[in-house]
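A quick write-up on the structure given underneath.
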Amino acid sequence: MLVIKDLHAKIEDKEILRGINLEIKPGEVHAIMGPNGAGKSTLSSVLTGNEKFEVVDGSVTFNGKDLLDLSPEDRAREGMFLSFQYPIEIPGVSMVNFMRTAVNEHRKYRGEDPISASDFLKLMRDKKKLVDIDSNLTNRSVNEGFSGGEKKKNEIFQMAMLEPKLAILDETDSGLDIDALRVVANGVNKLKSPERSTIVITHYQRLLDYIVPDYVHVLYKGRIVKSAGKELALELEEKGYDWIKKEFED
Amino acid sequence: MNVACRIVDLQEEYIKLFNDQLPLIQSGSPEKMNSLREEAIKIFEEKGIPSNKVEAYKYTNLQPYFKGSLNLAFTNEAAHTDVTQHFHCEVPQLNTYNVFLVNGWFSAKDSDTNLPDGVVVCSMREAAEKAPEAFEKHYGEIAPTKEDSLVAMNTAFAQDGAFIYVPKGVVLEKPIQVVNIMTGDEDRLAFQRNLIIVEENAQLKMMLCDHTMSAQRFVVNTVTEVFANQNSVFDVYNVQNQHNLTTQVQGLYVHQKKHSNILTNNLTLHSGIARNNVGVIMDDEQCESHVYGLYLTDKNQHVDNFTSINHDKPNCQSFELFKGVMDDSSTAAFTGKVFVAKDAQKTNAYQSNNNLLLTQNAKINSKPQLEIYADDVKCSHGATVGQLDDEAMFYLRARGINQDESRVLLMFAFAYEVIEKIRVEPLKEQIRGLVEKRFRGEFDKCDSCVVCGQPGSNASCL
C-alpha cells in the first residue's frame, strides 16, 4: 500500500529525513518511535504534503501512485489521513459544515454526487457513536475551545467520517489522560479493517498497550535504525533510547 | 432641480454653489436645519475638504474624490420613487420596517400602521412638524460640525434624510431598515442627514444600508446623529454594499445618557473609498457602548475607520473591535481614540483591531490613541496584522478540502468574531451568508469592476 524508498527531506537548509525506507501492507499497524527531534513528525508531514518541508530525494508510492506528485488535498482524497499532533482551531466554521465539505470533496474526487443532508446527519450520528465522541462537540466550531483530549477525540471522529486507507496518528497520545487515551485507542481499534493500515507515531509505549502494532520502528537522526515486533516497544520503555543511540553511533 | 458642476478648486466652487443655491437649499427644510447652515459653511470654507495633511485624515486624502464633474440635486426630484421597486434587497428574509432614500432624498416607507403608537419615521423635512420638540432639541447637537469639515459640509448642504423618534418606554420588535440607493445616469454628489432619537427606556434596532444601483461615480456624505436617552437600548448596523467608484464619508455620532446600551457595527462588505467616522459620547454614568466593524477589501478599495469614544463620566464601559480582510492592492486604516475624562473613574475600555492581509501589496495603518486623565480605570488596546496561517491551511487541505475553499473557510473564521456581535439573529445569519459570498467572489457587485476597470488579481472579481 505504502512504499517509501530512500526518502530525504529538509526544512530550510536542515536535512531532517536522511534516507527512510519503509513498506506498509494493507491491514498492518506500524509504530514509529524515537527520541525527540528524530524526525517522526517530519515524516508524517512529508507524507501528507506539508509544504513547509522539501523532499530532496527518494520516492513514495501510495496504492501505486506517486504520492509526492499529489497536492495535500489529493493525498487525503486518495485515502491518506493525518491525526494532527496539534489540531487547529477554526472559530466560526462549524464541525458540520467542515465535515460535510470534506466528505463531499472526497465524493467528488471519486465521481460521486454530494451526500444528501439526511444521509450526512445519519453518517455523523453513526460515527459519533462508533468513536464515542460527545455529541455536543460536533455542534461547535472546529476545535474551538476544545480541551487537548477533545481535540484528539475529534481527530479520530474525522478519521471515522473520512474512512481513510492509511491513517497516521502523530503523537495522538501526547497530553492525554488515561480515559481519553482509551477512548481514542478504542476508536482506532474499531476502525481497524483488513484494508486499512495505521502508522502510530509515539514517544511512549503506553499507547501501544491499546493499539497493538505489528511492527515497531525506531527513528533516529532521520533514519530507521531498528525494526522489530511489538516487543521492541517494551524494551524501549524499559531501557530508554540510549542503547539505540549507542548502537547506531558505533 | 439638478445642478451639474465642475469642481477643480474644491472650496471655491462649493462655496459658490452654496451661495447660488441657498434659496433652494433652504426651501422646504426645517427652520432648525437652515439656522445652522451659515456657520457650517464658514467652517467648511476655512477648513476645506481634508487632505492627508489633516491629522484625522492622514490615511485618506479625500480631496481628489470631491473633485471633477458632479451633479447635485437641490430638490427631491432626485428621489426617483420607481427605483425602490426595482431594488433587490440582500436581506430579504428579514422582517423589517423599511425606509428608502434615493440619492439622499427620502423616497418611500412602509405604512405607519406597522409601527407602534407614537413612533415617528419620516423625512427630515417633515420632522420639525411631526416631532417638533425632539427635533429642535437634538438636531445638530451631536455631530462635530466645528471639528470636522465634512460634517460642516453636510450641515450646510444636507436637505433630507431619515428621522426616527421612539418615545419613552416603546420597544420596537421589528428593526427599522433605512436603505439609501445611489442611482441615475450622472456622476453625483449626495448628502444625507439622519437623526435618531431613542427616548427613556425605549429600544430600537436599525440598519443603515448603503447601496449603488447604477455604474456612475458617486460621492456620498452622510451624517447620522443618535441620541440614546436614559436606560435605552440602541443598535445600528451599517451595511455598505457599493461599487468601486463610490466614495462615502459617513459619520455616526451617538450621545448616551445614564444606563443606556448602544451598539454600532460598520459592515463594509464592498465599497470604493469608505471613510467611517464613529463618535460615541458617554455623557452619564453606567453607559455601555459596543463599537464594532468589519471591512473586506480588494482591488484598489480603501476603508478608513476612525472612531472616538469619550468616557466623560465614571462607571462606563466600552468595547471596541474592528477586523479587516484585505486582498489585492487594497488599503485600510483604523484609528481608535479613547478619551477618559479626569473624573471618569472605574472606566472599562477595551479596544482591538485585527487585520488579515492576503497579499504583499495590501496595506493597513492601525493607530490606537488612548488619552486617559483618570487614575482608576481599566483600558486595553491591541492591534494585530497577519497573514493566513499556513498550518491552518494545511489542516484543512489534509482533510481533502481544496485550497480555495480552505482560504474561504479561514477568512470566514477570521471575520466571524465581528459577525457574532450582531444582536439581531436573522441579520446575523444574513451577514454570515453575505460575507461568505464575498469571500467566494460571488458578490453581486462583481459587474462593477468591469466598469471601473480595476483588475482583480484572482477569482475574487469574476
I'd like the full set of residues that are under 16 Å from B:Thr297 (Cβ atoms), in a loop (DSSP other than H, G, I, E, B) and modelled with pLDDT of 95 or more, limited to the range B:411-462. none
Among the residues listed as A:Asp74, A:Asp113, A:Asp66, the single one being surrounded by 14 or more Cβ atoms within 10 Å (Cβ to Cβ) and at pLDDT 95 or above: A:Asp74
Cβ contacts < 6 Å: first residue facing chain A (nearest Cβ under 7 Å) and in contact (Cβ under 8 Å) with a residue 24 or more places away in the chain, restricted to the range B:397-416; second residue surrounded by fewer than 22 Cβ atoms within 10 Å (Cβ to Cβ) and of a type outside the set (Gly, Ala, Ser), any location; separation 6+ or different chain. Result? B:Phe412/B:Glu436
Could you run through the range A:177-199 and say how many residues are in a strand (DSSP E or B) and over 14 Å from the mean Cα position of the chain (by Cα)? 1
Given (1) under 17 Å from the mean Cα position of the chain (by Cα); (2) over 13 Å from A:Gly34 (Cα atoms), where does A:Leu219 come up short, assuming only one miss? (2)
Top-ranked residue of the range B:382-395 - restricted to ones that are facing chain A (nearest Cβ under 8 Å) and at pLDDT 95 or above, ranked as nearest to A:Leu70 (Cα to Cα): B:Phe394
Residues that are in contact with a strand residue (DSSP E or B) (Cβ under 9 Å, 6 or more places away or on another chain) and more than 21 Å from B:Ala128 (Cβ to Cβ): which strands (runs of 3 or more DSSP E) entirely in the range B:158-198 hold 3 or more of them? B:176-182, B:188-198
Looking at the range A:71-91 only, could you name the residues that are touching a Phe, Trp or Tyr at 6+ places or on another chain (Cβ under 8 Å) and without any contact (Cβ under 8 Å) to a residue 60 or more places away in the chain? A:Pro72, A:Asp74, A:Arg75, A:Arg77, A:Ile88, A:Glu89, A:Ile90, A:Pro91
Could you check how many residues of the range B:179-233 are polar (S, T, N, Q), under 16 Å from the mean Cα position of the chain (by Cα) and under 13 Å from B:Val102 (Cβ atoms)? 3
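Residue by residue, here is whether (1) free of Cβ contacts under 8 Å to residues at least 40 places away in the same chain; (2) touching a Lys or Arg at 6+ places or on another chain (Cβ under 8 Å) holds:
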site	(1), (2)
B:Asn238	yes, no
B:Gln242	no, yes
B:Leu245	no, yes
B:Leu267	no, no
B:Glu285	yes, yes
A:Val29 buried (at least 20 other Cβ atoms within 10 Å of the Cβ) and within 17 Å of A:Ser197 (Cβ to Cβ): yes
Top-ranked residue of the range A:198-212 - restricted to ones that are modelled with pLDDT of 90 or more and farther than 19 Å from A:Ile224 by Cα, ranked as surrounded by the most Cβ atoms within 10 Å (Cβ to Cβ): A:Leu207
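The values are calculated or read from the model by the stated rules, or taken from the named source; none is laboratory data. Given the structure is predicted, the values throughout are model-derived calculations rather than measurements. Reconstructed Cβ throughout: ideal geometry from the backbone, glycine too, with neighbour counts over all protein chains shown.
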